[in-house]
1. If I filter the stretch 233-259 down to residues being within 17 Å of the chain's Cα centre (by Cα) and part of a loop (DSSP other than H, G, I, E, B), which single residue comes out as farthest from GLN477 (Cα to Cα)?
2. Within the stretch 443-462, identify whether any single residue is crowded, with 23+ Cβ neighbours inside 10 Å and away from the ligand (no atom under 16 Å from the Cβ), and answer yes or no.
3. Please find, among PRO432, PRO379, the residue that is farther than 18 Å from HIS291 by Cα, in a loop (DSSP other than H, G, I, E, B) and within 13 Å of the ligand (Cβ to nearest atom).
4. Output the number of the condition that ILE550 fails; it satisfies all remaining conditions of (1) in a helix (DSSP H, G or I); (2) free of Cβ contacts under 8 Å to residues at least 60 places away in the same chain.
5. Considering only residues of the stretch 539-560 that are touching a Gly at 6+ places or on another chain (Cβ under 9 Å) and β-branched (Val, Ile, Thr), which is surrounded by the most Cβ atoms within 10 Å (Cβ to Cβ)?
6. Limited to the stretch 493-510, what total is found for residues that are outside any loop (DSSP other than H, G, I, E, B), more than 10 Å from the ligand (Cβ to nearest atom) and either touching a Pro at 6+ places or on another chain (Cβ under 9 Å) or farther than 15 Å from SER452 by Cβ (or both)?
7. Search the stretch 392-417 for residues that are more than 29 Å from ASN330 (Cα to Cα) and of a type in the set (A, V, I, L, M) and pair each with any residue that is near the ligand (Cβ under 8 Å from one of its atoms) and in a loop (DSSP other than H, G, I, E, B) when their beta-carbon atoms are under 9 Å apart and the residues are at least 6 apart or on different chains.
8. Condition first: more than 30 Å from PHE35 (Cβ to Cβ), touching a residue at least 40 places away in the same chain (Cβ under 8 Å) and either of a type outside the set (Phe, Trp, Tyr) or assigned to a loop (DSSP other than H, G, I, E, B) (or both). Can you find one or more residues in the stretch 262-273 that meet it?
Amino acid sequence: MHFVHQITSSDQYLKDYAASIENPALFWENVANEFTWRRKWDTVVDWDFDGPNVQWFKGGKLNITENCLDRHLQTGGNDIALVWESNEPTELNKTYTFKTLHEEVCTFAQVLRNYGVNKGDRVCLYMGMVPELTIAVLACARIGAIHSVIFGGFSAQSIADRVIDAQACLIVTCDVAFRGVKEIPLKSVIDEAMLQCNSVKQVIVCRRTHNSTIINTPSEIGWHEAMSKIDRAAAILQKAEVMESEDPLFILYTSGSTGKPKGVVHSCGGYMIWTHYTFVNAFQYQPGWLHFCTADIGWITGHSYSIYGPLLAGASTLQFEGIPNYPSSNRLWEIIEKYQVAILYTAPTAIRSLMADKHSLVDDYPMASLKVLGTVGEPINEEAWRWYHEHVGKGRCEIVDTWWQTETGGILITNLAGITPAKPSFATLPLPGIEPLLVDENGLELFGNNVSGNLCIRKPWPGIIRTTWGDHERCKQTYFSTYPGLYFTGDGALRDELGNYRITGRVDDVLNISGHRIGTAEIENAINMHPGVIESAVVGYPHDIKGQGIYAFVIYPGIDKDHAQLAVQIKATVIHFIGPIAKPDKIQIVTGLPKTRSGKIMRRILRKIAEGEPNALGDTTTLLDPSVVDDIISGHVF
Ligand code: WTA
C-alpha cells in the first residue's frame, strides 16, 4: 500500500504544515480521499469551540472497518494483520491475516446482531489482552455499536460507573486475564458489577482457560459457543453498517480533575483520518513492517496505535498479553527478535523499569529488525531517552516522542522518525493541522521562544474529542472554557529557541502514574469512603519508575488506631472503589490539612512535603492554622 500523504522530507513537512494551516479543508479533503467512503462528504469541516461543535466530513458515509479490513482484501488479504503473543512464552502464538481477521470480525458482528445490538447501542468490553478483544472492538464498529473498552485493572465499582453512564446493553468479558504472574478473575468482577447494571441484557464470556465454570445465568453465553452458532459464510456477506462521519465510534472513560471519569467520545470519519495519518507519518511506517505497541487496549494508545492506526494502514500489529518483565526483563527483546519487530512503541515507565533492572541482558540482543522507537504517555527524562536510544535502538533507530491525549484521538506533537530532528525530552514540532500555543494563567498568549505556559490548541483537527458522553456541558467546561476559543490540554509546556515543545506535565489536579491518568479528586473520593475517614488530600510526588507516585494525607480521628494497619485498609478501599492502579504509594494519617481561611486546601504545601522538601514551603501565613504543617512534617508515612 502506498501512502499518498506520507511526509518524506523535512521540506515536505514544512510545506504540508503550511498548507494545512492555510487551507485545512483542502488539506484534509486530500487526505480523506485516500479512504473508502460509501458517500463523500458535503463539507470538510464545520466548527466553533463555543459549543463546542466540531464536524468533519459532514454528509460523508463510511464504515471504519471496511477501511481497516475489507480494503486490504483486494490484494488477497493474506498479509498478516494481527500477531498475538501470549503471557506465557511457551504458549503458541496466534496470527490472523486480514482475511481471517475479517472473518472473525464479521462472525462476531453477527453474534452481536443476534443479541439485538443495533447501531448506536453501547457495548462494554472488559477483557484481557486477547485477540478476541480486538475482534470485539472491530465487530462493534462493523455494526455501528459504540464500544467502550474498560481496562482490566478497574474494580467492579468502576465498571458499574462506566456501564451505567453509557447505559450499555451488552458486555463482553473473559473468565480470567493473565498478566505476568497474576491471574485476574475478570468474570467474577463483572458478576459483582452486574448487581448494579440494569441496562445490560447479555454477557458474553471469552474463555482464556479450559477449566473454569463461567456461565451462571441464561443471560450469559460463552464466546466460542456463540460464535459456533453463526453461519460464517453468510456473516462475511453481511454488509457493514453505513455510518455518518460524525456518528460516535467509541467512548473511552478517562479521569479529569473533578468528579467521576468522563466518557470521551470520538467519531468515525475524523478519528479514522487522524489515526491513520499520524501512524504513517510519526513512525514513518513502511509496508511490510511489524508494529509493536505495548499499550493495553483499555487505554487510548491501544485503541489508536494497536488497532485502528496500524490496521487502517494495512500494517501488521503485534499485541502482547503480558508485561515487559515477565518471565524476565528480557521479554520485550525476546519478542522483538522472535517476530522481527520494526516499530516498538512503549511508555517511559516501562523504559525506566527495564533500565533499572540489573539482570536485563538488553545488550545481548542485536534487535537488527528495529527501525523506529516510540514513547508516549508521560514526559521522558533524558537519561531514559538515551538508554532507549543506545541500548534498545543501538544508536541506529529513530526515537519519536509522541505527545497526545485520550481527547486528541491521536498524536499531535512529535518528531517524524528520520524526517524532522529529535531532541531528547522534547516532543518537538506539531503535526500538520495542529496549531499549539502557550498562554499564561490569564489566558494571554505567550509569544516568542524560550517561554513556558499552559498548552492550548487553536483549531480543530479531525481526531479531536466531540463530546463527553451524556454531558456536553462538561466537555465544554473541561476543555473549551478555561481559555475561551481554545482547546486547553491541561498540560504545561516549554517552547525552545527553535519552536520545539517540551511537555512538562499536568497543570491541573490530574496525576500521571506510569503513564495512566488518575484525578486526585477521584482517589480522594475513594479514600473518603473508608469508614471513619473525615477528609483526605492526594498529591503526586516524583517516582523513579512510575514518573509520579500517589501520596495521600488522610484525616482520621482516634489516636488509638494503628496507623500502619489503617493505611493498609485505606489502600484496600481505593482498590475496591477504583482498582489497583489508583492505590496510594504513601499514606500519612494527619489531624488536619493546611487550609486557607476560606477552607481551600493548599496543595502546593502538601506537594512540597510529599516531594521531601519541607524547607521550601513558601509563604504559609495565609493558612488558617499554620501549626498543622509542622505536625504533618513530623508525622509518619506508611
Ligand atoms: C501525558 C495518552 C509528555 C500528558 C496518549 C497528557 C505526555 C496525558 C506525552 C494524556 C509525552 C502523553 N510527553 N507527556 N510524549 N504523552 N503525555 O489521555 O500529560 O492517557 O495530558 O493519553 O499524558 O494521557 P492519556
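1. Out of the qualifying residues, it is SER255.
2. Yes; the residues of the stretch 443-462 include at least one that is crowded, with 23+ Cβ neighbours inside 10 Å and away from the ligand (no atom under 16 Å from the Cβ).
3. Step by step, each of PRO432, PRO379 is checked, and only PRO379 is farther than 18 Å from HIS291 by Cα, in a loop (DSSP other than H, G, I, E, B) and within 13 Å of the ligand (Cβ to nearest atom).
4. The one condition ILE550 does not meet is (1).
5. The extreme case among them is ILE550.
6. 1
7. LEU412/THR402; LEU412/TRP404; LEU412/GLN405; LEU412/ALA427; ILE413/THR402; ILE413/TRP404; ILE413/ALA427
8. no
The values are calculated or read from the model by the stated rules, or taken from the named source; none is laboratory data. Predicted model only: the values in this text are computed from it and were never measured. So basically every Cβ, Gly included, is an ideal-geometry build from the backbone, and we count neighbours across all protein chains shown.
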